[in-house]
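The values are calculated or read from the model by the stated rules, or taken from the named source; none is laboratory data. Only a predicted model underlies this, so the values are computations on that prediction, with no experimental measurement involved. Note that we place each Cβ from the backbone using ideal geometry, even for glycine, and neighbour counts take in every protein chain shown.
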Amino acid sequence: MERANLDWNNLGFALVPTDVNVVYRWSDGVWSAPEFRENFDLNLSMAATALHYGQAIFEGLKAFELADGRVAIFRPDENASRMQNGAKKLLMEAPPEELFLEACVEIVRRNRRFVPPHESGASLYLRPFLLGVSPQVGVRPAVDYLFAIFVTPVGPYFKGAKRTIQLRVDEEVHRAAPLGVGDVKAAGNYAAGMRAVSAAQRDGFDNVIYLDAREGRYIDETGATNFYGVLSGPGGSTYVTPKSRSILASITNKSLMILAKDLGFKVEHRPIDVSELGSFSEAGAVGTGAGIAPVGRIEWRGRSFNYGDEPGPVTSALLAELTGIQRGTMPDRYSWLRPV
Ligand code: PLP
Ligand code: COI
């Protein structure tokens, strides 16, 4: 294999065109065979339900080059089942898990030369998505769907940030409601939060923390990640992460709750009152794109909570464990890697 000619050590989270993407269509009650294509254009009706009524969900997952040169995808079965949950909520037709997994493996194989070298620490990001494509003007679910995946090599999500990121608690915008669709990866959730994230970035922050929409009191998550704080005391350290009906069910966070316990930390999965920010010794923003982004500072109502300019001990231990498993330098003891 001849690797693509890219500056592997300086990738950001930006779109780099690769060799091929894949499209499947659901119509007349069956999924089509995969159509492998070289460009990003879709032939889509201007009346597609995805465009007007938001029947659009997506996923994000990563493939890593392991130390021995093999390639593996991190927990794609979890993304397949989350897409199914999202599709159920938005009355869409989701690809079966086997189709989703086969598509992921095949699209990585066909773009092998874009998987960043192991030593770069970068990865290949997969973006599966599902759209309602039937032309309709009435508000009702489409009968035809399109499932597709493109891939792009990525480096750090928060590229401008130094070792830690800066967040601001936003009290002007709610991203998602408790009985809404915040727990699935509906495209519209991101549009709903864009004005908050853009305003924070204009003011020099990397992202925002949203509070729950019912009481405006509990930490939900950031615009692109789940959140955790660390409580440290004489009895040890505790990984505390929000339980909320309006946050995305993060696969990274689910994995970290397991790894934190393995490392001997306690884990609390419960509502976090925003006033608790002052009790944390560390904080982190976690997701596929971001990995574990250590949080250096959070601003809330003009107060600043500081967690240091370097990742703290719990964050560092979690980082070593998660990246070790993902990159094949530690045993994959939970079989989270799917070989390509
Ligand atoms: N929360 C939001 C809003 C996200 O967009 C993401 C990214 O996918 C996450 C959390 C993290 O989820 P995961 O770890 O499954 O990527
Ligand atoms: C991810 O981490 O996969 C995300 O989808 C976050 C962001 C790019 C929306």
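General remarks:
- Test result for Glu35, in contact with a helix residue (DSSP H, G or I) (Cβ under 7 Å, 6 or more places away or on another chain) and not basic (Lys, Arg): no
- Scan of region 282-322 for residues that are of a type in the set (S, T, N, Q) and surrounded by fewer than 17 Cβ atoms within 10 Å (Cβ to Cβ), ordered by number: Ser304, Asn306, Ser316
- Condition met for Tyr145 (over 30 Å from Glu35 (Cα atoms) and not basic (Lys, Arg)): no
- Subset of region 230-242 (residues that are within 14 Å of ligand 1 (Cβ to nearest atom) and part of a loop (DSSP other than H, G, I, E, B)): Pro242
- Of the residues making up region 243-255, those that are within 12 Å of ligand 1 (Cβ to nearest atom) and free of Cβ contacts under 8 Å to residues at least 60 places away in the same chain are Ser250, Asn253.
- Residue within region 178-190 that is closer than 18 Å to Glu299 by Cα and surrounded by fewer than 23 Cβ atoms within 10 Å (Cβ to Cβ) present: no
- Entry remark, region 17-49: residues being exposed (fewer than 10 other Cβ atoms within 10 Å of the Cβ) and either of a type in the set (Gly, Ala, Ser) or over 16 Å from Phe114 (Cα atoms) (or both) number 7 in total.
- Residue list for region 131-152, restricted to those being more than 14 Å from ligand 2 (Cβ to nearest atom) and part of a strand (DSSP E or B): Leu131, Gly132, Pro135, Tyr145, Leu146, Phe147, Ala148
- Condition met for Arg338 (more than 23 Å from Pro242 (Cα to Cα), touching a residue at least 40 places away in the same chain (Cβ under 8 Å), of a type outside the set (Asp, Glu) and in a strand (DSSP E or B)): yes
- Unique residue being on the phi > 0 side of the Ramachandran plot and in the same structural domain as Leu322 (by TED's automatic domain parsing) when the list is Gly284, Gly291, Gly278: Gly291
- Residue within region 117-137 that is free of Cβ contacts under 8 Å to residues at least 40 places away in the same chain, loosely packed, with under 15 Cβ neighbours inside 10 Å and within 30 Å of Leu101 (Cα to Cα) present: yes
- Every condition in (1) within 16 Å of ligand 2 (Cβ to nearest atom); (2) assigned to a helix (DSSP H, G or I); (3) hydrophobic (A, V, I, L, M, F, W, C) holds for Val286 except the one numbered (2).
- Candidates Ile258, Ile272 - the one that is closer than 30 Å to Lys88 by Cα, more than 12 Å from ligand 1 (Cβ to nearest atom) and surrounded by fewer than 20 Cβ atoms within 10 Å (Cβ to Cβ): Ile258
- If you go through region 201-223 and keep only what is in contact (Cβ under 8 Å) with a residue 24 or more places away in the chain and in a loop (DSSP other than H, G, I, E, B), you end up with Asp203, Gly204, Phe205, Asp206, Asp212, Ala213, Arg214, Gly216, Arg217, Gly223.
- Scan region 295-340 for residues that are among the basic types (Lys, Arg) and within 30 Å of Ala103 (Cβ to Cβ) and the total you get is 3.
- Flag if Asn226 is in contact with a strand residue (DSSP E or B) (Cβ under 8 Å, 6 or more places away or on another chain), surrounded by 21 or more Cβ atoms within 10 Å (Cβ to Cβ), polar (S, T, N, Q) and touching a residue at least 60 places away in the same chain (Cβ under 8 Å): yes
- In region 299-312, the residues that are more than 9 Å from Glu282 (Cα to Cα) reach residues that are surrounded by 11 or more Cβ atoms within 10 Å (Cβ to Cβ) and of a type in the set (S, T, N, Q) with C-beta atoms within less than 6 angstrom, at least six apart or across chains, in these pairs: Asp309/Thr164.
Listed here are the residues, each with its yes/no results for (1) more than 16 Å from ligand 1 (Cβ to nearest atom); (2) in contact with a His (Cβ under 7 Å, 6 or more places away or on another chain); (3) of a type in the set (Asp, Glu); (4) farther than 30 Å from Gln326 by Cα.
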{"site": "Asn9", "(1), (2), (3), (4)": "yes, no, no, no"}
{"site": "Val22", "(1), (2), (3), (4)": "yes, no, no, no"}
{"site": "Glu59", "(1), (2), (3), (4)": "no, no, yes, no"}
{"site": "Glu65", "(1), (2), (3), (4)": "yes, yes, yes, no"}
{"site": "Gly69", "(1), (2), (3), (4)": "yes, no, no, no"}
{"site": "Glu78", "(1), (2), (3), (4)": "no, no, yes, no"}
{"site": "Lys89", "(1), (2), (3), (4)": "no, no, no, yes"}
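- Test: residue in region 243-250 that is of a type in the set (A, V, I, L, M, F, W, C) and either more than 14 Å from ligand 2 (Cβ to nearest atom) or in a helix (DSSP H, G or I) (or both): no
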